[in-house]
Amino acid sequence: MAENKRDFRSSVAALALAPSPRALRFFAVGLLNTAFGYAIFYFVWRATQDSTVAAGVSTAIGAAFNFLSIGRLVFGSADPRFLGRFIAVYAALFIVDALALRALEHLGAEAALAQAAMTPVLATLSYLLNRDFVFRRGAGGA
């Protein structure tokens, strides 16, 4: 367990200090995905005033778009066999996002600004989970 934590920390540090070409592609594609997802979040939040609903809707709609863009442009595969793991990653990211939003709102942050603040955290977690869990080499199969 301690070794996994160390590997995760070293991965985060490496991304910050010297990102790989794949990581750079991920973050470039992520700009488009983020704009798309944030726009959905913002409009749903404005309509409902419920950040959890807005995060859920934007995550669900964004996941399909992101699977194709991340899979093809970053990892070279949008193989449908990876979709289950991709959805599992998005579910985990949704839970982290929803809990963090509630905590930040409890501290007085507006939901739209709290979501913007969470974006770099979620993007980094998303890259690491997609790289190591969803699209890892030899990860074929359902």
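The values are calculated or read from the model by the stated rules, or taken from the named source; none is laboratory data. Keep in mind that this is a model prediction, so the values were computed, not measured. Counting neighbours? That spans all protein chains shown, and the Cβs are built from the backbone with ideal geometry, glycine included. Ligands, DNA and RNA are excluded from the accessible area calculation, which covers all protein heavy atoms including side chains. Shrake-Rupley method; radii C 1.70, N 1.55, O 1.52, S 1.80 Å.
Taken together, PHE86, PHE135, PHE94 contain a single residue that is more than 13 Å from the chain's Cα centre (by Cα) and among the aromatic types (Phe, Trp, Tyr), which is PHE135.
In the range 11-31, of all residues being over 14 Å from the mean Cα position of the chain (by Cα) and open to solvent by 60 Å² or more (accessible area, probe 1.4 Å), the one that is modelled with the lowest pLDDT corresponds to ALA16. Of all residues in the range 26-66, those that are in contact (Cβ under 8 Å) with a residue 12 or more places away in the chain and either closer than 15 Å to LEU125 by Cα or β-branched (Val, Ile, Thr) (or both) total 14. Restricting the first residue to the range 69-80 and requiring it to be open to solvent by less than 30 Å² (accessible area, probe 1.4 Å), which pairs with a second residue that is assigned to a loop (DSSP other than H, G, I, E, B) and of a type in the set (Gly, Ala, Ser) meet a Cβ separation below 6 Å and a spacing of at least six or different chains? Hits for this filter: GLY71/SER77; GLY71/ALA78. Checked against the criterion of being touching a Lys or Arg at 6+ places or on another chain (Cβ under 9 Å), open to solvent by 30 Å² or more (accessible area, probe 1.4 Å), at pLDDT below 95 and not hydrophobic (A, V, I, L, M, F, W, C), the candidates THR124, THR119, THR52, THR34 yield just one match: THR52.
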